[in-house]
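Scroll down for the structure; my scribbles are underneath it.
The values are calculated or read from the model by the stated rules, or taken from the named source; none is laboratory data. Keep in mind that what you see is a predicted model, and the values were worked out from it rather than measured. Ideal geometry is used to build each Cβ from the backbone, glycine not excepted, and the neighbour counts take in all protein chains shown.
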């Protein structure tokens, strides 16, 4: 189940990715370094930390309090949790 209004917001972010690149951007689940992947139906891209390193709100843990994840491309591409919620991210950034 997608959060309300996600169908119109997420479409340009994930649906237009060429099939050859979908695996790179979507990742694979990884229990050692969660989440490893991103679910286009339960996430919202909010920016880029560098080229090909988007970050997103991940609504899988909670529709009310999404976690913050980013696509790490230092080795095998994988989505990593940066913060359990946006408030924690802002506090860590010192803003």
Can we say residue 89 is surrounded by 11 or more Cβ atoms within 10 Å (Cβ to Cβ), at pLDDT 85 or above and assigned to a helix (DSSP H, G or I)?
yes
Considering only residues of the range 33-50 that are part of a loop (DSSP other than H, G, I, E, B) and modelled with pLDDT under 90, which is nearest to residue 67 (Cα to Cα)?
34
